[in-house]
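J.: Quick one: structure below, then a few questions.
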Amino acid sequence: MIQLDFLFVYEHKVRELENLCLMKYELDRRGYRTKIVYIDDAKNALADNPVYHARVLCTMACYDNYTLFWHTKHFVKFEKVIDLQWENIVYAKDEQREDAYKNYWGIGKDVVHVSWGEQNVNRLLYAAHLDKRKVKLTGHVGMDFLREPLNRYYLSRQELFEKYNIPMDRKVVLFASPYYGDCLTEEYIAGMCRAFGDDWPEYYKFMCDSQKIVLEWFEAICRKHPDIIVIFRPHPGHPSRMAYQLAEKCSKFRIISGESVKQWIVTCDKVYTGNSSVVVEAFFAKKMCQLLFPLPTTPGFELKLITDSKKLVTYDEFYESVFAEKEIFPTPERSIEEIYLIDWDTPNYIKFADMAEEVLKDNYYRLTKKQLIAYKEYGRAESLMRLFISLKPLYSMYLALLRNPKLKWPFLERQRKIRAESERRAIEIESQHAHELTSEEEIDSIINRIRYALEEKE
């Protein structure tokens, strides 16, 4: 078993990996043992016993028992949990609703939660009723990449455009899609309804209808102005059938998921989004960003961040914006400051590392044995299997029998089929999300770029 101080588990590579590498860089610099792994890594998913022993597990989210079990499966043993809460911002209708999905249940009530700003702190204290000591205001680590000297981390315009074969002399417009694509299954939609209410399909219809109109706007721009290239960034994990159809018939419309959205924000000439926190990333990058809202948002689903923002609602407004030399930033700074800590003196990754050290060293944050058992919510059959696995000599004998192809006992044959199906499913899940996988080489490369940005002199 690999011994670690901090284990980071991520879901979406483009959303989380760079940020985790920055956290890892600082904690490594302070002498701690750290590692980053993908949540659906097949090898880890199939592990009967812990692969890692982490004193502190850092998760993408920890809403409830299921969320934590999804992160840990059987491959990690841990004592404490920090919820990085990469989905810090919630729909307006869930801000004060005590029974909202993201207001935490089960083990979610007991772990430490990172908060980007005061608004989320208030939600966690007064709507979710969490322990004040377990709500940590650190700001959003990702915003550190958008300020000096870390902004040197990114590829230059020339380097980025050469990598993606984009002519240097073109005007490049970024659209960071806030839409959940248009390919959601009924099963996925049903899950979103359970989490966010029976009116979520209305919001999904709003996204699909809005996306259709916005893509028509971009198509018109591309056809009328051959010198413009549009970079379409899908919402993480949600491809768009309509966007791919447009890309097939219009070469100036490019769908690119590679690199982080921040890389494209700092490089492109114009930035557009919708009901999304991307506008905040543009703010910290000191880059103009406009919000496209051809249709009114489904009541209750508009982010509070966006409520007081200026929106572009017609094609003419959008067209004028593309060519405008001077524009007013659409979201007031006061709206941003409510949700994102603004501190130009101390980087957020330093605040995070200080907090992580506190959690590591203070037994107040240690989960009890009861809590560590209860969150798994095993059925009777699974409980018996886990007990069997814990009897190591007996379990080792069972595995030896299982691996002997000459033994055709009915019980062993059934177990082989069960294990083969589990392996097939784990590999299938991993292959479906191959774009989310990382490697030690990629992580080292990112950290070396971070090190260069922070440590090398001009």
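J.: Under a point spin-label approximation (7 Å from Cα along Cα-to-Cβ), what is the Gln158-Asp28 distance to one decimal in nm?
T.: Rounded to a tenth, the inter-label distance reads 2.9 nm.
J.: Taking 8 Å as the Cα distance limit and 6 or more residues as the minimum spacing, I'd like the relative contact order of the chain as a percentage.
T.: 20 percent
J.: With 10 angstrom as the radius, rank Ser431, Ser383 by how many other C-beta atoms surround their C-beta, starting from the fewest.
T.: Ser431, Ser383
J.: At 0.36 nm per residue, minus the direct Cα-Cα distance, what do Glu421 and Ser383 gain on full extension? Give it in nm, one decimal, please.
T.: Here the segment from Glu421 to Ser383 would lengthen by 11.7 nm.
J.: At 0.36 nm per residue, minus the direct Cα-Cα distance, what do Ala195 and Lys311 gain on full extension? Give it in nm, one decimal, please. Could you put the intermediate results ahead of the total?
T.: Numbers: separation 116, 0.36 × 116 = 41.76 nm, distance 2.81 nm.
Net length gain for the segment: 39.0 nm.
J.: Let me ask something else. So how do Lys287, Lys205, Lys406, Lys249 line up by other beta-carbon neighbours within 10 Å, fewest first? Let's see the in-between values first.
T.: Values: Lys287 19, Lys205 12, Lys406 4, Lys249 8.
Exposure proxy ranking, most exposed first: Lys406, Lys249, Lys205, Lys287.
J.: Got the relative contact order for region 157-339 handy, in percent, Cα pairs under 8 Å and 6 or more residues apart?
T.: Taking the mean separation of contacting Cα pairs over the length of region 157-339, I get 24 percent.
J.: Pull up all non-local amide H partners of Gln290: gap of 5 or more, or a different chain, and H-to-H distance under 5 Å with H placed in the peptide plane.
T.: Hits under the 5 Å cutoff: Val271, Tyr272, Thr273.
J.: Where in the chain are the DSSP H helices whose C-alpha atoms run 30 Å or more along the long axis and whose mean Kyte hydropathy is at least -1.0?
T.: Taking the DSSP H segments of the chain (at least 30 Å long, mean hydropathy at least -1.0), we get 200-224.
J.: Sticking with this structure for a sec: With runs of 4+ DSSP H residues as the only contributors, calculate the mean residue ellipticity of the chain at 222 nm using -39,500 (n - 2.57) per run, divided by the residue total and rounded to the nearest 500. Please list the in-between numbers first.
T.: Working: 19 runs with 201 residues, N = 458.
So the calculated ellipticity at 222 nm is -13000 deg cm²/dmol.
J.: For region 382-432, what does the alpha-carbon gyration tensor say about shape, rounded, prolate or oblate, given a ≥ b ≥ c as the root eigenvalues, a/c under 1.5 as rounded, and a/b over b/c as prolate?
T.: Cα axes put region 382-432 in the oblate bin.
J.: Which of Ile166, Ile373, Ile82 comes first, and how do the rest follow, when ranked by fewest Cβ neighbours within 10 Å?
T.: Details: Ile166 18, Ile373 12, Ile82 25.
Least crowded to most crowded, the residues run Ile373, Ile166, Ile82.
J.: On a 23 Å Cα-Cα criterion, which of the cross-link pairs Lys270/Lys326; Lys80/Lys262; Lys370/Lys417; Lys102/Lys132; Lys109/Lys370; Lys13/Lys163 come out too long?
T.: Flagged as over cut-off: Lys80/Lys262; Lys370/Lys417.
J.: For Lys224, give me every one of the aspartates and glutamates with a C-alpha distance below 15 angstrom, ignoring sequence neighbours fewer than eight places off in its own chain.
T.: Correct list for Lys224: Glu216, Asp316, Glu320.
J.: So for the pair Asp131, His435, with labels modelled 7 Å out along Cα→Cβ, what separation do we get in nm?
T.: A separation of 4.0 nm, rounded to one decimal place.
J.: Something else now. Would you kindly state how much longer the chain becomes between Asp48 and Glu357 on full extension, computed as 0.36 nm times their sequence separation minus their alpha carbon distance, in nm to one decimal?
T.: 108.2 nm
Quick note: the coordinates plus some simple rules give every number you see, no bench work behind them. Note that the structure is a prediction, hence the values are computed from the model and not measured. Quick reminder, even Gly has a Cβ in these numbers, built from the backbone with ideal geometry, and neighbours come from all protein chains shown.
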